[in-house]
Amino acid sequence: MDTIIASPEDILSSMEANMRWVALTAVAPVAWGANYFVTHEFLPPDRPLYGAALRALPAGLVLLGLCRQRPHGAWWWRSAVLGLLNVSVFFVLVYAASQLLPTSIASTVMAVSPLAMMLIAWALVSERPGLAHLAGAAIGLGGVCLMLLTGAGGVSVPGILASAAAMLVSSFGYILTKRWNTGADVLASTAWQLTAGGLFLLPVAAAVEGPPPALSTPALLACGYVTLVATALAFAAWFTGLRHLPAGTVGLVGLLNPVTGVLLGTAVAGEVLTVQQVCGLALVLAGVVLGRPTRAGRRSRSQTPLQPLPDEHPARESSTCHPR
């Protein structure tokens, strides 16, 4: 079959579409970065299980109310597995790490996730990481270390293990979601995961932590942000990005999480942004840009549309929920 070089208009249109998916995916790490501040300032620090359950379950129920779809077939057990990995275990491990480690150390360990996601995606969904993705991950990780490692505070071995476990569990869960999400509505599968994870946590929280905590008005408003923005919206955007973009690109976009934390601390908490942090911020953004998706420049003379590179997996159906 004869081939020709794709027109500049086709290439430009393809790049613009990819960048829209990158922008949507970026909603998640930005919301999660702000979530650290909201949780630390307004929510009870001694109820991690209830905090995780009350974050996940209402968000899942909100999305279920929008989608009005129940799991079907294999999605009954898939929702349970993904809810356990991406929600129940992950939320609790992140809380434990944040309690045992300085924020800089915990955030730096989690910043290894782009590399972990690339390797797991290579094994599970045959997405071989490109040189640009690997270089972007290395540059971004260096930027995060420059931003966050100040030499202050001690290092707890259990805290390091909890943070590393959270990074590995979430990376594996996200790639498993990417593999299984083919043929499933993104918002519906996100709702099933959050609901399952919250249902797993709720009885454990009741058994371990007793009655639910009493929340003040500011704490209730903070719960609204954590539930609707940092969980329902953020996870829906994140899993949509995993469907439309290479895992390496999504992982690099996740580096915006610690960037948001640093900038929010400067703007709201009165922290000083040092020259070292500015240089680290520039490296992180350079790593994200370097790992952005690209399109092949060839297509057939027939009516076949421009084909994606092997490491791209565009959506196979709309991610919009349709009531049944």
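Shape class for the stretch 207-247: oblate, because the ratio a/c of the largest to smallest gyration tensor axis (alpha-carbon atoms, square roots of eigenvalues) is 1.5 or more and b/c is at least a/b. Phi-derived couplings, Karplus 6.51 cos²θ - 1.76 cosθ + 1.60 at θ = phi - 60°, listed residue by residue for the stretch 93-100: 5, 4, 5, 4, 4, 5, 7, 9 Hz, with x used for Gly and Pro. Please report the spacing between the Cα centers of the stretch 231-268 and the stretch 111-136 in Å, no decimals. Each part reduced to its Cα centre gives a spacing of 16 Å.
Taking other C-beta atoms within 10 Å as the exposure proxy, Leu119, Leu49 rank Leu119, Leu49 from fewest upward. When Ser98, Ser126 are arranged by Cβ crowding within 10 Å, least crowded first, meaning fewest neighbours, the order is Ser126, Ser98. If you find the alpha carbon centre of the stretch 49-89 and of the stretch 166-225, how far apart are they in angstrom? So the two Cα centres are separated by 6 Å. Residues Val112, Val275, Val94, arranged from fewest to most other Cβ atoms within 10 angstrom of their Cβ, appear as Val275, Val112, Val94. For the stretch 22-57, the residues whose amide N sits under 15 Å from a probe point set 7 Å from the Cα of Ser216 along the beta carbon direction are 38-46.
Any read-out appearing in this document is the output of simple, stated calculations on the displayed coordinates, not a laboratory observation. Just so it is clear, the structure is predicted and the values come from calculations on it, not from any experiment. Every residue, glycine among them, receives a Cβ derived from its backbone with ideal geometry; neighbour counts consider all protein chains shown.
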